[in-house]
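Colleague: Got a structure for you, questions after.
The values are calculated or read from the model by the stated rules, or taken from the named source; none is laboratory data. The structure presented is a predicted model; accordingly, all values stated were derived computationally and were not measured. Neighbour counts are summed over all protein chains in view; Cβ atoms, including those assigned to glycine, are modelled from backbone coordinates with ideal geometry. Ligands, DNA and RNA are excluded from the accessible area calculation, which covers all protein heavy atoms including side chains. Shrake-Rupley method; radii C 1.70, N 1.55, O 1.52, S 1.80 Å.
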Amino acid sequence: MSIPSPRGEREKLITALTPKLRRHLKIRAFEHGMDIQDATEHAIKAWYTATEVPDVATDGAKTWGTFLPEGEPDAFKAACTERGVTYVKGLAQALTLWLDAHPSPTSPLTAQPVVRVIVANQKGGVGKTFISSGIAQALAEGGRKVLIVDYDPQGHLTSELGFEDLMYEDDVETLLMHMDGTAKGDIHDLLVALDQERFGERLHLLPASDDAFMRDVALSKVSFSEAALERSLEPLENEYDVIIIDGPPSLGLNMDTALYYVRRREGELADRSGVITPVWANKASHRAFRLLKSQMEDLCAKGRIQVDYLGLVVNAYDSRRGKLVKENKDEWEKSSSPPVLAVIGDLKEGREAADGEIPLLEYAPDSEHAQAMRDLAKELAV
């Protein structure tokens, strides 16, 4: 498979990486102002001439792919065969050498926009709110300034964090009013802060409102509606490290505005902002994913933009549910583009935290669910 690129024709290399090595590569590449595929290309070229290579463990490696210059995937595979190592081992050696030769710079890359992520799937009940809220909490706990936008008209995120009353306040402006141009006030006035000490006043919420169900209709009357969310959130961007959108359960204009918002901006590195999709290990999730991916591709083609797919999260997985569930999970894990970032078990802590209207990392900070969110947060290069 080859694709045209400003850097010439490129072909896909499909192999596997451990989650830890994949995360280190992504973050280090961004720290040095490089796309992941460029860092991988340089790593493989250096590996060809290296006289000593590290013995890298590859247990737990997951399917992963990247694009290299035309002919390079075959050249790399031939070099692995000549050296008597698997493709997975050879790539792990190359990337480890590159990481050792490129330590984190003392001054991190600053000429990049705020990281923008939508957790999206039009299929309801797959865990969009659980994932978006958990990642936001983990980032804030780790010292990042985070804004999470409840973009789902149902407002589950707002209610689960204890702010349900805000959705029904009278005589207040809403996100939709800022999007359709009827707002008179400052969008900062809509924000609320989570006051738990572990978040250090770094985690803010833009709540849902009861007019959000009319968003598709209202946006149909707005000029260049795809950019309506971006125009609304622009005054907030310089104040945050990450903005996370809890996506809507639909594929209309509402979704288009959110996808447009997380597009790769001019000068922005690839796979920095983009889309994370929670799925279940069932056939319905595979169909829903194809529909969302099709909408993304259509928007990109018509708008001449690039929206990066950051990855999938297999949520609420329980192998005891039978052979078909495991087979569907295995099918997801074969995906290299987008990759599976995590498989999260069907555990009780997430539901209990939501029912109690307490942030997960506050309710059960030492739980497996909480640690899964911290691991997911590490997937974002911030």
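Colleague: Could you count how many residues in the stretch 139-158 are free of Cβ contacts under 8 Å to residues at least 60 places away in the same chain, buried (at least 19 other Cβ atoms within 10 Å of the Cβ) and under 22 Å from E237 (Cα atoms)?
Modeller: Here the count works out to 1.
Colleague: Out of the stretch 159-179, which residues are surrounded by 18 or more Cβ atoms within 10 Å (Cβ to Cβ) and part of a helix (DSSP H, G or I)?
Modeller: So the first thing to find is which residues in the stretch 159-179 are surrounded by 18 or more Cβ atoms within 10 Å (Cβ to Cβ), and the list is 159-161, 163, 166-167, 174-179.
Matches in the stretch 159-179: S159, E160, L166, M167, L175, L176, M177, H178, M179.
Colleague: If I go through the stretch 209-251 residue by residue, how many of them are open to solvent by 20 Å² or more (accessible area, probe 1.4 Å), within 15 Å of V149 (Cα to Cα) and touching an Asp or Glu at 6+ places or on another chain (Cβ under 7 Å)?
Modeller: Residues meeting the conditions: 1.
Colleague: Restricting to the stretch 192-208, and then to whatever is open to solvent by less than 20 Å² (accessible area, probe 1.4 Å) and within 20 Å of the chain's Cα centre (by Cα), can you tell me which residue is nearest to D171 (Cα to Cα)?
Modeller: L206
Colleague: Could you tell me whether T15 is assigned to a loop (DSSP other than H, G, I, E, B), closer than 22 Å to P338 by Cα and at pLDDT 90 or above? Before the answer, list the steps.
Modeller: Working: assigned to a loop (DSSP other than H, G, I, E, B): no; closer than 22 Å to P338 by Cα: yes; at pLDDT 90 or above: yes.
In short, no.
Colleague: Taking into account only those residues within the stretch 343-381 that are surrounded by 20 or more Cβ atoms within 10 Å (Cβ to Cβ) and not in a helix (DSSP H, G or I), which is modelled with the lowest pLDDT?
Modeller: Of everything passing the filter in the stretch 343-381, A381 is modelled with the lowest pLDDT.
Colleague: If you don't mind, another one. Please go through the stretch 282-328 and give me each residue that is under 15 Å from R264 (Cβ atoms) and basic (K, R), ordered by number.
Modeller: Taking the stretch 282-328 as the starting set, the residues that turn out to be under 15 Å from R264 (Cβ atoms) are 296-297, 299-301, 303-310.
Selection gives R304 alone.
Colleague: Now, a different point. Is it true that Q122 is open to solvent by 10 Å² or more (accessible area, probe 1.4 Å) and under 20 Å from the mean Cα position of the chain (by Cα)? First the steps, then the outcome.
Modeller: Details: open to solvent by 10 Å² or more (accessible area, probe 1.4 Å): yes; under 20 Å from the mean Cα position of the chain (by Cα): yes.
Criteria met by Q122.
Colleague: Report, by residue number, each residue of the stretch 41-56 that is more than 32 Å from the chain's Cα centre (by Cα) and either touching a residue at least 24 places away in the same chain (Cβ under 8 Å) or under 15 Å from H102 (Cα atoms) (or both). Explain how you work it out, then say what you get.
Modeller: Narrowing the stretch 41-56 to residues more than 32 Å from the chain's Cα centre (by Cα): 48-53.
Passing the criteria: Y48, A50, V53.
Colleague: While we're looking at this one, here's another question. Within the stretch 110-125, can one find any residue that is touching a residue at least 24 places away in the same chain (Cβ under 8 Å), touching a His at 6+ places or on another chain (Cβ under 8 Å), of a type outside the set (G, A, S) and assigned to a loop (DSSP other than H, G, I, E, B)?
Modeller: No, every residue in the stretch 110-125 fails to be touching a residue at least 24 places away in the same chain (Cβ under 8 Å), touching a His at 6+ places or on another chain (Cβ under 8 Å), of a type outside the set (G, A, S) and assigned to a loop (DSSP other than H, G, I, E, B).
Colleague: Restricting to the stretch 295-341, give me the number of residues that are farther than 18 Å from L259 by Cβ and free of Cβ contacts under 8 Å to residues at least 60 places away in the same chain.
Modeller: Final tally of qualifying residues: 17.
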